[in-house]
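Structure first, then comments.
The values are calculated or read from the model by the stated rules, or taken from the named source; none is laboratory data. Note that this is a predicted model, so its numbers are computed, not measured. Note that each Cβ is placed from the backbone with ideal geometry, even for glycine, and that neighbours are counted across all protein chains shown. Side chains included, ligands, DNA and RNA excluded: accessible areas come from the protein's heavy atoms. Shrake-Rupley method; radii C 1.70, N 1.55, O 1.52, S 1.80 Å.
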Amino acid sequence: IQFGLKFTIDFPVMFYLFTILSTISYASIMQMFMAAFGFPGKFLAIIFLMLQLTSAAGTFPIETCPTFFQKLYPFMPMTYSVRLFKEALAGTWNGSVTKDVLILVAIMVVFTLATTLLSAYRDRHKIKEMMANGPESVLNK
């Protein structure tokens, strides 16, 4: 899209690094939804995505959005991604970049840790269940 539309990016390296950071953060959220809820987690992740799109102030200023979305604004990861992309695109490097990067890294770490803990709990529970059913249940699985 960048080259097709002849889009200029003032800080291209930062733009791509922010893209990678955002992608990993979003993937960790999606992975946590799947670990916690299984297949219905995909549906919940879509709902979460829709809430992010409407409350991230990517197209219109957040002040023009309904109050509900204004209250969600500081809690949505896309808010920080959009701000980072605007910084990299326009070259208006201000003091919020470090804060926004740290927030996305924190989101990534928290959701990855939650996924790990949920998966470990579920695996431990399955092992206990198989051991309680005897060795033949282990062989059948």
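Kindly indicate whether any position in the stretch 36-47 is under 30 Å from Arg122 (Cβ atoms), small (Gly, Ala, Ser) and either in contact with a Ser or Thr (Cβ under 6 Å, 6 or more places away or on another chain) or in contact (Cβ under 8 Å) with a residue 12 or more places away in the chain (or both).
yes
For the stretch 50-73, a residue qualifies if it is surrounded by fewer than 13 Cβ atoms within 10 Å (Cβ to Cβ) and under 15 Å from Lys86 (Cβ atoms), and the qualifying residues are Thr59, Phe60, Pro61. Among the residues of the stretch 80-137, the one identified as among the charged types (D, E, K, R) and touching an Asp or Glu at 6+ places or on another chain (Cβ under 6 Å) is Arg83. Scan the stretch 7-27 and tell me whether some residue there is assigned to a helix (DSSP H, G or I), open to solvent by less than 50 Å² (accessible area, probe 1.4 Å) and modelled with pLDDT under 90. Scanning the stretch 7-27 turns up no residue that is assigned to a helix (DSSP H, G or I), open to solvent by less than 50 Å² (accessible area, probe 1.4 Å) and modelled with pLDDT under 90. Apart from one condition, Asp100 fits all of (1) over 18 Å from the mean Cα position of the chain (by Cα); (2) open to solvent by less than 40 Å² (accessible area, probe 1.4 Å); the exception is (1).
How do the helices (runs of 4 or more DSSP H) wholly within the stretch 51-141 filter down when requiring 3 or more residues that are within 23 Å of Val13 (Cα to Cα) and of a type outside the set (D, E, K, R): which remain?
Values: elements: 67-72, 77-90, 96-133, 135-140.
Output list reads 77-90, 96-133.
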